[in-house]
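*Asks:* My structure is below; once you've seen it, I'll send some questions.
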Amino acid sequence: MTIAASDIKSRPVYQPLSPEAAATRHWLVLEAAAQDADACRALVQAFAPVQPALQVWSVGPLTLDGLPVAVLADTAALAPQLAQAGPFRVSDRLYVQGTEPFIWSVAALAAAAGLAAEQVQLAHAGSLRRRVWCTHCHGFTEGVTTSTVPCAGCGRHLLVRDHFSRRHGAFMGVMVDAEAPGQRPAVQEVFP
Amino acid sequence: MIVSSLKLRVAAVDDIAPSLRHLRLEAADGAPLPPTGAGAHVLLSLPGAARTHRNAYSLTNPPGTRSGYDVIVRRVPASRGGSAAVHERLKVGDLLDAQTPGNLFAPVRGARHHLMIAGGIGITPFLSYLQDAGVRQTGATLHVCCRESEKDVFKPWLPDGADVRFHWDADGHRLDIAALLAAQPVGTHLYVCGPSDLNDAVIRAAEAAGWPASQVHTEHFGVASAGGSAFEAVLRKSGLRVRVGEDESLLEAIERAGVAAPCLCRGGACGVCVTPVLEGDPEHHDHYLSADEKAAGRLIMPCVSRARSPQLVLDL
């Protein structure tokens, strides 16, 4: 899936991962379910030059040709894994590929570990599904693929906007029938 | 009212080494001075033999001090007059014109550690860093590269408990920049102040070690503004023609002609003196303009840059 162009300028734009030769240690963090055969081939090719200094972690089972992969059960397992790998140095780099909720969850963990934004590369792969942040109850609704969605926190029907928060790794959701209660547009599958 | 200039009185002069002179400066009227932060500098007008020199000096007093400013001035052998004026003529009680201090080299508050590298008198901005409560709380290490004979000169200026290491040019005492930079933990910000050779070497080493550019900071000092070939500057708006001598900067020549050009650092760093070029071929020595802007040749920083062509026409 490729992300459609947005009118919202703040919307993140992703580039294919590209290891930096000057860095001394590299970590590649992948969401297994988001990678297809082409994506895996491209990763193997891109990261071969830094392989001696590379560690690959995958959330979910994944095999990469010629690159040893440490498999983690879920995203929650990344926090202790990062803590164990640290303390990180200024010359380290982290590369993350997966759905937007995944890559921004890892970005938040990396920031908490002290890594600067310039030390972390993010690339989108797989589903376009979104994490949605409710402007009314501030709750999160995960895995949203539709244009409107009932909020997992307060039950309001939310219109999923293109406004993206890097801090939350989530898109803004606003009540869709606030002006005319009960009048809601047809639910469309727009983030497959 | 915003005060942009200060009248300072020399309150104390002492030689801390054969070529290093400390000045204590207080407000001529005894009023409190504007407080400054770590890394700030003050631009002093120093009366020379032939003309007035305007030089920027880092403030070494603790951040926030209002009773006086401290500066340390090295006597430069090839002095164009500024440091010679301080070392030969300045005495207690003299009055000096100064500009309200500026700061182009403040410590980054979000840093997890501050790593400083000084070359010789480039230690001066870091003397105020080491007295900054935020910097001390975060943690800071200062590496000083200097002559062996001067390694003890700055000791009385260092706060108790500060992590300061001295290096000099002898086996076992040189600073291994590459090894130092390779080992730094995430969130470390690097600051370097010294001669351009040291600054360039540290910046290159940081790039080679994979440092994000936003975590590397530098302050240049020294002789970048010293002369070159003489040329003529035509000031279109003022209708003046100014000869820029071999040993003076374009900015100094403009000031000599009586045109008050805005400036702050006089070292090609701050961008305050940027001036449009109408005709001629500028020779850029600043650290402010981008590579594209330098190539376009439509802007110049007259504090450090000069002309390749015999004449430069400025929109001034």
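The values are calculated or read from the model by the stated rules, or taken from the named source; none is laboratory data. Only a predicted model underlies this, so the values are computations on that prediction, with no experimental measurement involved. No Cβ is skipped: glycine too gets one built from the backbone with ideal geometry, and neighbour counts run over all protein chains shown.
*Asks:* Do any residues in the range B:158-183 that are more than 14 Å from every other protein chain (Cβ to nearest Cβ) and under 26 Å from B:GLN137 (Cα atoms) have Cβ atoms under 7 Å from those of residues that are among the small types (Gly, Ala, Ser) and surrounded by 12 or more Cβ atoms within 10 Å (Cβ to Cβ), where the two are at least six apart or on different chains, and which pairs are they?
*Replies:* Listed pairs, sorted by first residue: B:ASP163/B:ALA140.
*Asks:* Now, a different point. So, A:ALA23, is that one among the hydrophobic types (A, V, I, L, M, F, W, C) and within 14 Å of chain B (Cβ to nearest Cβ) or not? I'd like the intermediate steps shown before the answer.
*Replies:* Values: among the hydrophobic types (A, V, I, L, M, F, W, C): yes; within 14 Å of chain B (Cβ to nearest Cβ): yes.
Yes: the conditions hold for A:ALA23.
*Asks:* Tell me the strands (runs of 3 or more DSSP E) entirely within the range B:51-157 that contain at least 3 residues that are in contact with a strand residue (DSSP E or B) (Cβ under 6 Å, 6 or more places away or on another chain), within 14 Å of chain A (Cβ to nearest Cβ) and not aromatic (Phe, Trp, Tyr).
*Replies:* Numbers: elements: B:52-58, B:69-74, B:95-102, B:113-119, B:140-145.
Hits in the range B:51-157: B:113-119.
*Asks:* Where residues in the range B:253-274 are surrounded by 23 or more Cβ atoms within 10 Å (Cβ to Cβ) and at pLDDT 85 or above, which of them is farthest from B:HIS41 (Cα to Cα)?
*Replies:* It comes out as B:ILE254.
*Asks:* Which count do you get for residues in the range A:44-69 that are assigned to a strand (DSSP E or B) and surrounded by fewer than 14 Cβ atoms within 10 Å (Cβ to Cβ)?
*Replies:* So the answer is 0.
*Asks:* Can you name the strands (runs of 3 or more DSSP E) wholly within the range A:91-174 that have at least 1 residues being within 14 Å of chain B (Cβ to nearest Cβ)?
*Replies:* A:92-98, A:120-124
*Asks:* Between a residue in the range B:255-279 that is without any contact (Cβ under 8 Å) to a residue 60 or more places away in the chain and any residue that is part of a loop (DSSP other than H, G, I, E, B) and of a type in the set (Asp, Glu), which pairs come within a Cβ distance under 6 Å, given they are 6 or more apart or on different chains?
*Replies:* B:GLY268/B:ASP286; B:PRO276/B:ASP315; B:LEU278/B:ASP315
*Asks:* Limited to the range B:198-217, what total is found for residues that are of a type outside the set (A, V, I, L, M), free of Cβ contacts under 8 Å to residues at least 40 places away in the same chain and more than 13 Å from every other protein chain (Cβ to nearest Cβ)?
*Replies:* So the answer is 1.
*Asks:* Mind checking whether some residue in the range B:193-200 is charged (D, E, K, R) and under 27 Å from B:VAL73 (Cα atoms)?
*Replies:* Checked the range B:193-200: at least one residue is charged (D, E, K, R) and under 27 Å from B:VAL73 (Cα atoms).
*Asks:* Next question, about the same structure. Could you tell me which of the residues B:THR60, B:THR65 is out of contact with any helix residue (DSSP H, G or I) (no Cβ under 8 Å at 6 or more places or on another chain), over 20 Å from B:CYS273 (Cβ atoms), hydroxyl-bearing (Ser, Thr, Tyr) and buried (at least 16 other Cβ atoms within 10 Å of the Cβ)?
*Replies:* Only one candidate passes the filter, namely B:THR65.
*Asks:* Turning to a different aspect of this structure: For the list (1) within 20 Å of A:GLU31 (Cα to Cα); (2) crowded, with 20+ Cβ neighbours inside 10 Å; (3) free of Cβ contacts under 8 Å to residues at least 60 places away in the same chain, I need the number of the one condition that A:ALA111 fails.
*Replies:* (2)
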